[in-house]
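Right, one structure below, let's go through it.
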Amino acid sequence: MSTLNERAFLLLNASVSADPVAVAVARFATDWLIYAAPMLMVGLWVWGRPKQRGALLATLAGTLFALGINQVAGLLWYEPRPFMVDLGTTLVAHAIENSFPSDHATFLWSLGLGLIATGSARGWGMLVCLFGLVVAWARIYVGLHFPLDMAGSLVAALIAAAIAWSLCPPVRRWLLPAAEFVYFGILDLLRLPHAVFPREKGA
């Protein structure tokens, strides 16, 4: 498995004469694309369908659980990053730490699959999953991760989606009213306009 993982990495990793455009895209995806997902979640909460807010909270809970899985997996299975074993080309500096699994890919795929599984925003969920695929490629391309790290992230994200789906009913019933109470209270405290920040309840 280790040899296969390394071979797959070398196929996807940048060469010493890599195309500058591909390098620029990979650097952008590695450092910045992940921020699109939380911005989307905020937008869906504020301006999306209020009845889907419970599913958004469930998706967030599943994502946090998946990131917790990553921490446990990292303790059980230590995998050095490619540059730590002098393999391939490294284009982005990174701390010397465990490579398995990828938190970036886990975060994006968990949110994307959660949005799909809960039915809260399937179209947006597919887009976030696509972002996750781009980030997974980019982080291998710049030499920060192995393909096996991304496979582990996908497994964690699938678990997250299942958790998000199962949590929808209790979250809508118990957590959403409290979350909306706090949210609407903050909007009123800041005197933000109703026309821009609707106060319609989802519960």
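In the full protein context, the stretch 134-203 carries 54 Å² of accessible surface per residue, based on a 1.4 Å probe and ignoring ligands, DNA and RNA.
Shape descriptor for the stretch 79-194: Rg over Rh equals 1.14 (Cα atoms; Rh from the Kirkwood inverse mean 1/r). Positive-end ranking of VAL16, PRO80, PRO50 along the dipole of the chain, with charges on Cβ about the Cα centre, is headed by PRO50. Candidate membrane-span-like segments in the chain, meaning DSSP H helices with Cα atoms spread over at least 30 Å of their own axis and a Kyte-Doolittle mean of 0.0 or above, are 53-76, 147-170, with no membrane implied. The calculated FRET efficiency for ILE186 paired with LEU67, based on their beta-carbon distance and R0 = 30 Å, is about 0.75. Taking every C-alpha pair closer than 8 Å and separated by at least 6 residues, the mean separation divided by the residue count of the chain gives a relative contact order of 32 percent. Sum up the charges of everything whose Cβ sits under 11 Å from the Cβ of LEU176, counting Lys and Arg as +1 and Asp and Glu as -1, but leave LEU176 out. Net local charge, LEU176 excluded: +4. Note that the stretch 42-112 presents 47 Å² accessible area per residue, ligands and nucleic acids not counted, probe 1.4 Å. Suppose R0 equals 25 Å; then what is the FRET efficiency for ALA22 and ILE96 from their Cβ-Cβ distance, rounded to the nearest 0.05? According to the calculation, E is roughly 0.45.
Normalised by residue count, the chain yields a Cα convex hull volume of 137 Å³ per residue.
Each of HIS194 and TYR35 was given a label point 7 Å from its Cα along the Cα-to-Cβ line. The distance between the two points is 3.4 nm. Roughly how many percent of the accessible protein surface of the stretch 18-64 is carbon and sulfur, given a 1.4 Å probe and a whole-percent answer? The value for the stretch 18-64 is 76 percent carbon and sulfur by accessible area.
Looking at the square roots a ≥ b ≥ c of the eigenvalues of the Cα gyration tensor of the stretch 75-119, which shape do they give, rounded for a/c under 1.5, prolate if a/b is larger than b/c, or oblate? Here the stretch 75-119 falls in the prolate category.
The values are calculated or read from the model by the stated rules, or taken from the named source; none is laboratory data. Predicted model only: the values in this text are computed from it and were never measured. Please note: Cβ atoms are built from the backbone with ideal geometry, for glycine as well, and neighbour counts cover all protein chains shown. The protein model used for the area step is the full one, side chains on, heavy atoms only, and it has no ligands, DNA or RNA in it. Shrake-Rupley method; radii C 1.70, N 1.55, O 1.52, S 1.80 Å.
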